[in-house]
1. Report, by residue number, each residue of region 475-497 that is of a type outside the set (S, T, N, Q) and in a helix (DSSP H, G or I).
2. Could you check how many residues of region 393-428 are among the aliphatic types (A, V, I, L, M) and open to solvent by 10 Å² or more (accessible area, probe 1.4 Å)?
3. Please find, among 332, 283, 309, 325, the residue that is out of contact with any helix residue (DSSP H, G or I) (no Cβ under 7 Å at 6 or more places or on another chain), under 18 Å from residue 178 (Cβ atoms), acidic (Asp, Glu) and at pLDDT below 95.
4. Take the residues in region 387-417 that are part of a loop (DSSP other than H, G, I, E, B) and more than 11 Å from the ligand (Cβ to nearest atom); name whichever of them is nearest to residue 345 (Cα to Cα).
5. Given the condition in contact with a Cys (Cβ under 7 Å, 6 or more places away or on another chain) and surrounded by 20 or more Cβ atoms within 10 Å (Cβ to Cβ), answer yes or no: does some residue in region 82-90 qualify?
6. Can you say whether residue 429 is touching an Asp or Glu at 6+ places or on another chain (Cβ under 7 Å), modelled with pLDDT of 95 or more and assigned by TED's automatic domain parsing to the domain that holds residue 9, as far as the supplied structure shows?
Amino acid sequence: MGEHIHTGVVIVGTGFSGLGMAIRLRQAGRADFVLLEKADEVGGTWRDNTYPGCACDIQSHMYSFSFEQKPDWTRSYAPQPEIRQYLHDVAAKWELPRFTRFGVEVTGARWDEQENRWHVATANGDTYVARFLVAGIGALHIPSVPALPGIERFQGRTFHSARWDHDFDLTGKRVAVIGTGASAVQFVPEIAPKVAELTLFQRTPPWVMPKPDHPMPDWSRRLFARVPGTQRAYRHFLYWVNEVRAVGFNGHQGILKYASKVAAHNIRRSVRDPELVRKLTPDYVMGCKRVLISNDYYPTFNRANVHLDTTGIAEVREHSVIGNDGREHQVDAIIYGTGFHVTDSYDYLSITGVNGLDLAGHWRAHGINTHLGITVADFPNLFFLLGPNTGLGHNSVVFMIESQVGYIADAIRLTDRHRAAALNTRHSAQESFNADIQRKLANGVWSKGGCTSWYLDSHGVNRTVWPGFTWRYWLRTRKLDPADFELTVQAQGRNSTQALTTH
Ligand SMILES: Cc1cc2nc3c(=O)[nH]c(=O)nc-3n(C[C@H](O)[C@H](O)[C@H](O)COP(=O)(O)OP(=O)(O)OC[C@H]3O[C@@H](n4cnc5c(N)ncnc54)[C@H](O)[C@@H]3O)c2cc1C
């Protein structure tokens, strides 16, 4: 029988989301919260992904907190160790490790309607009892590994890019890489010169654009450190450069078709073998899947030890992978660059709301529905960070996270100010948000671009991406609309509902 630990707010996760939420609460003068993190250090994505070549693909000066800017990023797109260190430094500055219980995995949460409290269950048996629950559990966090026929017979090493096996020296080894997503595009060029043979199994080719990556010159680092406002101005510039891309993703596909032509030219310029060029050139509109950036991905295919298989995997044997064309590739290791459980990531947590409603089951039956990707009707005082339909293909998600933590802090403040027990999302608000967002998504490249992707759920509905400009999301979350919620007020042990006002 574990302990019951009482607190005001439970925040799950210490990636950009959880840390951002905790800092926002500290800024509001609160100390009644606890961060629960299943790993033994902060960092989330940037702690887990240690594969060779891992780096951000949004400019570092944009992919960081606006209130914790770092003048001395070494490159325009910082490598993973530097982003990980940045998150450590930010957490230390705000003294967040002392608010964090590391090695604590949340297994589920249950809303108790009598107490108006969340009971947050953990793998070690302790229960955290809190008024508010914030899930910063990450959308790209649980590795997705395909069930390859015969894999149980394989005698070599296997690992996923997000769990890189650094004890396994790839030098001189024969390697199969499965998948051609954002991670594979980064690590394939890094490992290709080391390994004896590399066979890349590609289902659908990604669009890969040149990466404007360069070391940050000393003068700019000095300027950002010494002249107030210059880094902020540079960040604004990057923000708007990225925002322009949303125009194409959202219906103006002429722009994307033109960009696809430029990108196709880039492939022809970089890869010598015309047959490989054909296989590497996507047949869908750019943006339908996440657009990737790299300067060394395409040239890697000019190497004699790199092979591209587009037939798919028929079977895995003790020491080989057999393609659907019948070719047998002898391999010592299989590396999965197969991404993450995205739209089904919520299945891994058991969250129960009003009347015992099970969140994952409810979403499976009726589709994922939220208000602003943050709150869910019938799940009072529960908030998601980077929840459904708030991911991005064109700009930094840290911008979205900052909008969300401000909104959530406001929601908590208003609930307290009304001395209310709970804040409930109105069904009408949630329905109108979802209808609006799905209408916009229907015109976007994700639906009309001629591909399937991890943006879509098993019903083909986009539950991942925010359709359009991020400043529109900022506008919608800048101030909480009281009409979207009602309050539960408790008097003499009985709950009653009350309207919410901003006063
Ligand atoms: C390789 C890679 C590169 C990326 N590059 C970019 C980029 O350039 N630009 C961009 O905008 N986005 C990028 N992303 C997306 C990236 O995931 C987000 O930008 C951001 O890091 C998400 O932060 P988060 O805190 O929401 O989630 P995460 O960083 O995934 O953190 C979630 C945390 O919650 C913890 N956790 C999860 N479940 C539990 C549980 N049940 N109990 C306790 N703790 C739990 C995890 O251990 C983790 O620490 C990238 C993603 C990957 C994988």
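1. Keep residues of region 475-497 that are of a type outside the set (S, T, N, Q), which gives 475-476, 478-487, 489, 491, 493-494.
Result: 475, 476, 482, 483, 484.
2. First pass over region 393-428, keeping only residues among the aliphatic types (A, V, I, L, M): 397-398, 400-401, 405, 408-409, 411-412, 414, 420-423.
Retained after the next criterion (residues that are open to solvent by 10 Å² or more (accessible area, probe 1.4 Å)): 397, 409, 421.
Of the residues in that region, 3 qualify.
3. Details: 332 fails: at pLDDT below 95; 283 fails: under 18 Å from residue 178 (Cβ atoms); 309 fails: at pLDDT below 95.
So the residue among 332, 283, 309, 325 that is out of contact with any helix residue (DSSP H, G or I) (no Cβ under 7 Å at 6 or more places or on another chain), under 18 Å from residue 178 (Cβ atoms), acidic (Asp, Glu) and at pLDDT below 95 is 325.
4. Kept after step one, since they are part of a loop (DSSP other than H, G, I, E, B), are these residues of region 387-417: 387-390, 392-396.
Going one step further and asking which of them are more than 11 Å from the ligand (Cβ to nearest atom), we end up with 388-389.
Details: 388: 10, 389: 13 Å.
Of everything passing the filter in region 387-417, 388 is nearest to residue 345 (Cα to Cα).
5. Scanning region 82-90, I find at least one residue that is in contact with a Cys (Cβ under 7 Å, 6 or more places away or on another chain) and surrounded by 20 or more Cβ atoms within 10 Å (Cβ to Cβ), so the answer is yes.
6. Numbers: touching an Asp or Glu at 6+ places or on another chain (Cβ under 7 Å): yes; modelled with pLDDT of 95 or more: yes; assigned by TED's automatic domain parsing to the domain that holds residue 9: yes.
For residue 429, the condition - touching an Asp or Glu at 6+ places or on another chain (Cβ under 7 Å), modelled with pLDDT of 95 or more and assigned by TED's automatic domain parsing to the domain that holds residue 9 - is met.
Let's see how each residue does on (1) hydrophobic (A, V, I, L, M, F, W, C); (2) touching a Pro at 6+ places or on another chain (Cβ under 8 Å); (3) open to solvent by less than 30 Å² (accessible area, probe 1.4 Å); (4) over 19 Å from residue 203 (Cβ atoms):
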residue	(1), (2), (3), (4)
259	yes, no, yes, yes
274	no, no, no, yes
277	yes, no, yes, no
280	yes, yes, yes, no
285	yes, no, yes, no
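Rundown of residues vs (1) open to solvent by less than 10 Å² (accessible area, probe 1.4 Å); (2) among the aromatic types (Phe, Trp, Tyr); (3) more than 25 Å from residue 161 (Cβ to Cβ), yes/no style:
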residue: 47; (1), (2), (3): no, no, no
residue: 57; (1), (2), (3): no, no, no
residue: 61; (1), (2), (3): yes, no, yes
residue: 70; (1), (2), (3): no, no, yes
residue: 73; (1), (2), (3): yes, yes, no
residue: 93; (1), (2), (3): no, no, yes
residue: 97; (1), (2), (3): no, no, yes
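The values are calculated or read from the model by the stated rules, or taken from the named source; none is laboratory data. The structure displayed is predicted, hence computed values, not measured ones. Glycine also receives a Cβ, built like all others from the backbone with ideal geometry; neighbour counts cover every protein chain displayed. All accessible areas refer to the heavy atoms of the entire protein, side chains included, with ligands and DNA or RNA removed. Shrake-Rupley method; radii C 1.70, N 1.55, O 1.52, S 1.80 Å.
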